[in-house]
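The structure appears below as structure tokens.
The values are calculated or read from the model by the stated rules, or taken from the named source; none is laboratory data. For clarity, every value in this text was computed on a predicted model and none was experimentally measured. Methodologically, a virtual Cβ is constructed for each residue, glycine included, from the backbone with ideal geometry; neighbour enumeration extends over all protein chains shown. Ligands, DNA and RNA are stripped out before the accessible areas are found, and what is left, the full protein with its side chains, is counted by its heavy atoms. Shrake-Rupley method; radii C 1.70, N 1.55, O 1.52, S 1.80 Å.
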Amino acid sequence: MPLTADDVLNKKLPTTRFREGYGQEAVDEFLDEVIAAMRSLENELASAKARVARLERANARLRGQGGVTPGA
């Protein structure tokens with residue numbers, strides 16, 4: 001299953017006991033950017049899939065009416 005924006009949003013990472021590691025605020029800000037980008041891509045993909053489905057239905061109607069011949 002592909003990674004989704006919700007997967008990133010809900011991911012829990014362990015904290016370190018020592019000072020080494022990344023600043024939590026910086027990581028959170030970056031993940032917010034990643035989530036926004038992923039949501040945008042998810043929306044674009046959903047729109048593209050819906051458009052393909054509409055075009056396939058229209059194509060099927062046209063073929064059924066004899067308006068389009070394969071390979072023509």
Subject >> Nearest-ten-degree value, helix 24-64 long axis tilted from longest Cα axis of the chain >> reply: 10 degrees
Subject >> 10 Å Cβ shell holding at most 13 others, DSSP loop, trypsin sites (Lys or Arg not before Pro): longest site-free stretch of the chain >> reply: 20-72
Subject >> Centre separation in Å (Cα based) which lies between the stretch 30-53 and the stretch 1-24 >> reply: 21 Å
Subject >> Percent of Cα-Cα distances greater than 11 Å, calculated over the stretch 23-66 >> reply: 70 percent
Original post:
Heavy-atom accessible area per residue, the chain, 1.4 Å probe: how many Å²?
Top reply: 94 Å²
Subject >> Proximal charge balance of L45 [Cβ under 12 Å; K/R count +1, D/E count -1] >> reply: +1
Original post:
Any idea what the dipole of the stretch 1-45 comes to, in debye rounded to 20, about its Cα centre with Lys/Arg Cβ at +1 and Asp/Glu Cβ at -1?
Top reply: 320 debye
